[in-house]
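Remarks on the structure that follows.
The values are calculated or read from the model by the stated rules, or taken from the named source; none is laboratory data. Since this is a predicted model, take the numbers as computed values, not measurements. Because the Cβ atoms are built from the backbone with ideal geometry, glycine has one as well, and the counts that use them run over all protein chains shown.
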């Protein structure tokens, strides 16, 4: 469509703006609300995001309390059934073993639950590492600009230009297997996206008059960054980091699947899939059920991120 | 998008039915149904318009002046919008009852629209010539070559230098004023009956605004089209309009000829607007008399007259009862309970003409005295 | 400070921006001449209006005075002291006495701070009073600017545009500064709200004796509030005078056309008055015209105008104009007479 008189130029948007303006102007008598409180109220209305939160909390609780009940009810996730291995091997799902058992007669649900511990920890810790590096790098690039900006952003471009998984594999190959190294590898390699998101958020916040207003009042750099720039740019990082947790879980699974992550016999969702894939024809649950665990958890983090993005968008209120 | 069909009867070639006007808007109501409640965006708008006339629609942001025009053009998404009553007839035919296909013939061909922001109303990826000629190809079945030739003529007409060269340029190569000229050329390409201009000069500097207003008036004289000029600037309507509608909170509060609105205004909101504008003075500055308070939310309109909470003259009845239109025999109406009270109307601001007419009256009195 | 030292003195102020950023631009070295050789003075308690069209450099002038951007030439003296030579401490002290009001009431308030935090921030930064004292001052200020002091814990998004602008004004007055630079403070507001804010600014000026540098594109607004008015075109100041003379006898052809282009809300007058409609658009500040920068659009331009830069000369006491052929324009007969 190139002829404007035929278009419907944002009629709906206009209606929203009219509604928002008048809804927003009618403040008399309303109780004061904080922006975070507002965001939480908006998030509550998003059914998908709430479902995601419920799922994540469920997974976290199950994984955190696993030591208290899983070995007792489902069986030890690592110890093999030495007495009757053949009889216990690759049993179909039943009441006793809801997800069945693997080749070595271990309960798969028990292994999925312990695998969740590793996946969640990897997701959180490596995202924490990426976010920390990304925040510092992004802030340096955006606030000081010039040569700092050029160096940091070109470095980030180089990181991003490499196939991500290949890069992690190379790093693991250099620093060796093991769960700590997985944190470090995924954490270090995740910073460029965070840095870019944070940098552009800061740059757009910096354009706002309230930053100039603070400078005109004589505020120091530290005050401007901590009081004005950071609180207004952190929302995008919260959103991005949430989604990044899902990404890190996927990467860890991929690494373990390739045998470069968690060292056996410790369970991880990736190793479970690897173990199960050869029986896809005969005992498909060995692969599909751990796969569903990954899918649902990663999806939950992505949906929560989406929900947070909508909820934290101040512009939606200001339009 | 609808292709030109030869069996289609061009409405603007049809005679206006006896006793009707070119455009008749009659108690039009359009509400948005939103999560927060019902927004009374257009609430009982009435006016008439004939060829060659200019209607100025004045109001502050959120007063419903743009939404009214977009409702006429069928450009409001329904839902959330919904027509709640009234009618809008163009050459005797109801615009509200037309199918989307019929409306596509009307838009651009019979009623064209230009928008406030000339920076975003042109598509950046197409050349100017193509965009100006688009309507002609669509509505008139012009070939590509004919449309381009006509585009050159149109650009020349709206005062763009070197039109042969500039049809092959892209919008970003044009300044804001030049883009607004292109928009006018596009709008006038199919020789529409009505040109709706939604704040066409608000984004422009005053010297450029003067150029654009002059151009719109020139084009109107040449083509005889009607103009609906939507603006917040009383100066612009004083310059252009034959008739003026003043809107507040989705409702028209006063409608009349330019003379009636500026020199015989009968609504306190119109008075408030006039008193809020700093005058160009050369002797003494007069203090401004602003309208107190803020415009109401269109979701929770106060009972009674929507202007009552801000009106300095409001009495009990204003807060309780919605005023009817008080209409004079010339069609000048005012939505105020006291619009026909001569004592109340003395509160209207002084104008250059009341000063002049007082002077004239005094002179006439002196003359009759002399004769006697 | 001597009695007749101006509060603010701007001398030959210039500001160039690089035309493009990126490594190619540095080689081309094109510059946008946003402000060029601008000089004026503001005295305590007066309102100095700065008017011009978009891109004429009026906002850049204000921001450069406030040191939000560094000037590329010239000097700014605040209470007789060169701002460029000030130490960090002196600069902070100056900012206590010079505040800013912004155009956009939406972008100029931090959405994550309460009204109380926003209005008290200047006092916090300059360490004025205890927290309780500051909040007491904030309540007083909110009351003075016509907001409900009870709303101290609300956030900006809960207010309308006009109310937010009042918050911005309260913030600017928090330290009782000597000068406030108002950058288009009413142009984002509706007419009825605009008049409220203009009246408020006048009241506050009377109450606190603050001087204003009032920057706007709307001539009627500038005339209404200012004691003296300067007109800028393409980075240059073309005319300065007291408000009455400027509007009654504009000398510069640009001022004349600007005045005549503003439509008057009175059809009789609007249809009868003289109008000069300038042709074309303002030229780009990247490569401004030689000689007088206005000569490309000037109705009375002659050969001399494209070669010689006109001197900013005093045509009458206190009335300066930068035109080779400045003549008073009889605008009187076409202005409003009641």
Notebook entry, point to check: Got at least one residue in region A:269-281 being under 18 Å from the mean Cα position of the chain (by Cα) and farther than 30 Å from residue C:174 by Cβ?
Noted result: yes
Note to self: Of the conditions (1) in contact (Cβ under 8 Å) with a residue 40 or more places away in the chain; (2) facing chain A (nearest Cβ under 10 Å), residue B:116 satisfies every one except a single condition; which number is it?
What the structure shows: (2)
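Residue by residue, here is whether (1) more than 14 Å from chain A (Cβ to nearest Cβ); (2) touching a helix residue (DSSP H, G or I) at 6+ places or on another chain (Cβ under 8 Å); (3) within 25 Å of residue B:230 (Cα to Cα) holds:
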| position | (1), (2), (3) |
| --- | --- |
| B:136 | no, yes, no |
| B:139 | no, yes, no |
| B:146 | yes, yes, no |
| B:156 | yes, yes, no |
| B:172 | yes, no, no |
Checklist line | Residue under evaluation residue C:192, criteria (1) crowded, with 21+ Cβ neighbours inside 10 Å; (2) at the interface with chain B (Cβ under 10 Å from one of its Cβ atoms); (3) at pLDDT 90 or above, criterion not met | finding: (3)
Next item on the list: May I ask you to list the residues in region B:262-298 that are free of Cβ contacts under 8 Å to residues at least 24 places away in the same chain and under 21 Å from the mean Cα position of the chain (by Cα)?
Entry: B:276
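Okay, residues lined up against (1) in contact with a strand residue (DSSP E or B) (Cβ under 9 Å, 6 or more places away or on another chain); (2) closer than 23 Å to residue B:226 by Cβ; (3) away from chain C (no Cβ under 14 Å):
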residue	(1), (2), (3)
B:13	no, yes, yes
B:61	no, no, no
B:72	yes, yes, yes
B:81	yes, no, yes
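Yes/no matrix, rows are residues, columns are (1) within 30 Å of residue C:112 (Cβ to Cβ); (2) at pLDDT below 75; (3) more than 29 Å from the chain's Cα centre (by Cα):
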site	(1), (2), (3)
A:9	no, yes, yes
A:14	yes, yes, yes
A:23	yes, yes, yes
A:49	yes, no, no
A:59	no, no, no
A:65	no, no, no
A:77	no, yes, no
A:83	no, yes, yes
A:86	no, yes, yes
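Report yes if residue B:255 is facing chain C (nearest Cβ under 7 Å) and farther than 19 Å from residue C:219 by Cβ, otherwise no. Break it down stepwise before answering.
Details: facing chain C (nearest Cβ under 7 Å): no; farther than 19 Å from residue C:219 by Cβ: yes.
The answer is no for residue B:255.
Yes/no matrix, rows are residues, columns are (1) more than 9 Å from chain B (Cβ to nearest Cβ); (2) touching a strand residue (DSSP E or B) at 6+ places or on another chain (Cβ under 8 Å); (3) part of a helix (DSSP H, G or I); (4) buried (at least 18 other Cβ atoms within 10 Å of the Cβ):
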site	(1), (2), (3), (4)
C:246	yes, yes, yes, yes
C:251	yes, yes, no, yes
C:255	yes, yes, yes, yes
C:259	no, no, yes, yes
C:264	no, no, no, yes
C:269	no, no, yes, yes
C:279	no, no, no, no
C:283	yes, no, no, no
Check: Say we look at region C:288-315 and pick out the residues that are in a loop (DSSP other than H, G, I, E, B) and touching a residue at least 60 places away in the same chain (Cβ under 8 Å); which of these is farthest from residue C:14 (Cα to Cα)?
Finding: C:294
Margin query: Please go through region B:330-344 and give me each residue that is in contact (Cβ under 8 Å) with a residue 12 or more places away in the chain, over 21 Å from residue B:320 (Cβ atoms) and surrounded by fewer than 17 Cβ atoms within 10 Å (Cβ to Cβ), ordered by number.
Written below: B:330, B:331
Check: Among the helices (runs of 4 or more DSSP H) contained in region A:208-319, which hold 1 or more residues that are without any contact (Cβ under 8 Å) to a residue 24 or more places away in the chain, farther than 22 Å from residue A:169 by Cβ and within 14 Å of chain C (Cβ to nearest Cβ)?
Finding: A:209-217, A:230-257, A:315-318
Item checked: region C:179-223: number of residues that are assigned to a helix (DSSP H, G or I) and either under 19 Å from residue C:145 (Cβ atoms) or touching a strand residue (DSSP E or B) at 6+ places or on another chain (Cβ under 9 Å) (or both) -> 21
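Report whether or not residue B:215 is within 23 Å of residue B:69 (Cβ to Cβ), in a loop (DSSP other than H, G, I, E, B) and within 14 Å of chain C (Cβ to nearest Cβ). Walk me through it before giving the result.
Numbers: within 23 Å of residue B:69 (Cβ to Cβ): yes; in a loop (DSSP other than H, G, I, E, B): no; within 14 Å of chain C (Cβ to nearest Cβ): yes.
It is false that residue B:215 is within 23 Å of residue B:69 (Cβ to Cβ), in a loop (DSSP other than H, G, I, E, B) and within 14 Å of chain C (Cβ to nearest Cβ).
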Item checked: Among the residues listed as A:117, A:42, A:106, the single one being modelled with pLDDT of 75 or more and within 14 Å of another protein chain (Cβ to nearest Cβ) -> A:42
Next item on the list: Would you mind telling me which numbered condition in (1) more than 14 Å from chain C (Cβ to nearest Cβ); (2) at pLDDT 75 or above residue B:372 fails?
Entry: (2)
Check: residue B:243 fails exactly one of the following numbered conditions: (1) surrounded by fewer than 22 Cβ atoms within 10 Å (Cβ to Cβ); (2) more than 11 Å from chain C (Cβ to nearest Cβ). What is the number of that condition?
Finding: (1)
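Looking at region B:299-308, which of the residues that are touching a residue at least 24 places away in the same chain (Cβ under 8 Å) and closer than 17 Å to residue B:246 by Cβ is farthest from the other protein chains (Cβ to nearest Cβ)? Spell out the reasoning first.
Residues of region B:299-308 that are touching a residue at least 24 places away in the same chain (Cβ under 8 Å), as a first pass: B:299-301, B:305-307.
Retained after the next criterion (residues that are closer than 17 Å to residue B:246 by Cβ): B:305-307.
Numbers: B:305: 16, B:306: 12, B:307: 11 Å.
Ranking the candidates gives B:305 first.
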Note to self: For the structure I just gave you, tell me whether residue C:170 is more than 10 Å from chain A (Cβ to nearest Cβ) and either in contact (Cβ under 8 Å) with a residue 24 or more places away in the chain or under 23 Å from residue C:191 (Cβ atoms) (or both).
What the structure shows: yes
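I need the full set of residues from region C:225-242 which are more than 18 Å from residue C:253 (Cα to Cα) and either over 14 Å from the mean Cα position of the chain (by Cα) or surrounded by 24 or more Cβ atoms within 10 Å (Cβ to Cβ) (or both), in order please. Step through it out loud before you land on a result.
Taking region C:225-242 first, the residues more than 18 Å from residue C:253 (Cα to Cα) are C:225-228.
Of everything in region C:225-242, just one residue is more than 18 Å from residue C:253 (Cα to Cα) and either over 14 Å from the mean Cα position of the chain (by Cα) or surrounded by 24 or more Cβ atoms within 10 Å (Cβ to Cβ) (or both), namely C:225.
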Margin query: Testing residue C:49 on (1) under 19 Å from the mean Cα position of the chain (by Cα); (2) in contact (Cβ under 8 Å) with a residue 12 or more places away in the chain; (3) farther than 16 Å from residue C:175 by Cβ; (4) surrounded by fewer than 23 Cβ atoms within 10 Å (Cβ to Cβ), one condition comes back false. Which one is that?
Written below: (4)
